[in-house]
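Enquirer: I have a structure here, written as structure tokens, and I will follow up with some questions on it.
The values are calculated or read from the model by the stated rules, or taken from the named source; none is laboratory data. Being a predicted model, the structure only gives us computed values, none of them experimental. As a convention, Cβ positions derive from the backbone with ideal geometry for all residues, glycine included, and neighbour counts pool all protein chains shown. Accessible surface is based on the protein model in full, side chains and every heavy atom, while ligands, DNA and RNA are left aside. Shrake-Rupley method; radii C 1.70, N 1.55, O 1.52, S 1.80 Å.
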Amino acid sequence: MADRKRIVLTDEIMNDYLDTANTKSLNEMMFKAYEGEIADIKKSNPKLKDASPIKLAMLDAGITGSSIIKDFTAQNVGSWLLPAFIDERLNEEIPTFSLMPYLCTNVTPANSLSVLATKLNMIDDEENKSNVEMKRVQEGADFPIAELKLAESAIKLFKYGRAVQATYEALQYMRVDMFSRTMDMIANDIADKQSDRAINVLVNGDGNDNKIKTISTATTDVVTVDDLLELAMQFQDNSGVPVTTLVTNRDFYKQIYKMMFSTEDVRGVTNGFTFNTPQFNNVNVNLVWSSKVPKISNKNAVIALNNNVTLTKYVANNMNMREIQQNIRNQTQLGVISEISGFAKYNDKAALALISK
């Protein structure tokens with residue numbers, strides 16, 4: 001164990017990772033390169049059983065939470081470890097802060113900056129809707145075919161990012177754990193911006209003539225239980241899947257949040273008479289709010305969606321690496337955080353808005 005090979009993020013590993021044909025994560029590639037060493041470390045120290053290869057490389061370089069950032073520039077550490085640490089930290093923290101898991105669970109790699117998104121076309125037109133239905137088929141006859149097609153208009157992927165600059169003095173003596181907190185705050189903001197983009201596509205469409213459809217509340221600026229039930233029922237009728245998420249602005253969020261249902265106040269025709277609602281019994285709907293939910297027809301809205309089928313996020317392969325560059329002229333260090341991505345609707349029917357009367 002004492003003379004085992006150190007885990008180092010080498011230029012060779014990084015070049016393979018940055019190859020546009022690569023679809024593996026950096027941690028996956030490091031695990032493949034150091035599989036035996038990683039197994040030995042985790043066997044000898046159970047506390048490290050969940051540690052990623054990047055974290056193990058940091059430990060092998062002598063870098064812990066109490067280290068300072070300049071330790072990343074020490075001899076034999078390598079120039080890639082700090083960017084890799086930042087990349088991993090952001091990838092860990094962005095889902096923690098983000099609404100994205102409630103809006104979209106589908107992330108698909110893309111090999112170009114323009115993507116013809118895959119569309120579920122099972123209920124888009126009457127002929128295809130008819131084909132989807134189970135029908136009696138005569139012996140020897142063809143089965144009706146439901147269609148899965150590509151979008152008519154391409155989804156363009158755009159670069160999104162930000163740069164963070166700090167002086168040598170600020171970085172040299174900042175502890176790694178404090179630097180991690182800074183990354184948490186940046187991750188929080190990045191997560192908000194991603195959610196804003198997803199909500200915009202939900203409402204305004206992805207360029208394929210698929211703006212969100214609407215129904216109205218019974219009363220102006222008031223959302224009731226009846227309104228929400230109607231929204232959920234129409235959504236399921238249209239899409240064939242249940243609602244998983246309601247996203248709205250502050251005002252409607254507070255109204256829905258305060259709704260209470262007490263079984264003690266419900267009486268059947270006789271004692272013990274109850275209803276079972278199998279279509280909603282096993283559905284847990286997530287209620288989330290965002291200040292960026294746009295008004296629809298100048299009205300407040302509650303958006304119903306299914307996070308498994310409504311949206312797809314397309315991300316350009318290996319275009320989200322965090323980069324670090326030093327500037328000798330003014331002794332600053334610049335970090336660039338970027339991603340090339342875009343959102344598309346997978347099932348146009350799996351989004352419905354309840355708007356104020």
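Enquirer: Under 5 Å between amide H atoms, partner at least 5 residues away or on a different chain: which partners does Thr214 have, H built in plane at 1.01 Å?
Expert: Residues meeting the criterion, in which the H sits 1.01 Å from N, are Ala353.
Enquirer: Turning to a different aspect of this structure: Can you tell me the equivalent ellipsoid semi-axes for the range 185-244? Use √(5λ) from the Cα gyration tensor, largest first, whole Å.
Expert: 26, 17, 13
Enquirer: Looking at this model, which pairs from Lys55/Lys313; Lys32/Lys313; Lys32/Lys55; Lys55/Lys193 are more than 23 angstrom apart at the alpha-carbon?
Expert: Where the Cα-Cα span goes over 23 Å, the pairs concerned are Lys55/Lys313; Lys32/Lys313; Lys55/Lys193.
Enquirer: With a 1.4 Å probe and all protein chains in place, put Thr23, Thr10 in order of accessible area, largest first.
Expert: The residues order as Thr23, Thr10, largest area first.
Enquirer: Name the shape class, rounded, prolate or oblate, that the alpha-carbon gyration tensor gives for the range 1-69, where a ≥ b ≥ c are the square roots of its eigenvalues, rounded holds for a/c under 1.5, and otherwise prolate holds if a/b is larger than b/c and oblate otherwise.
Expert: prolate
Enquirer: Sorted by packing (mean other beta-carbon atoms within 10 Å per residue), highest first, where do 309-316, 228-235 land?
Expert: For the peptides 309-316, 228-235, the packing ranking is 309-316, 228-235.
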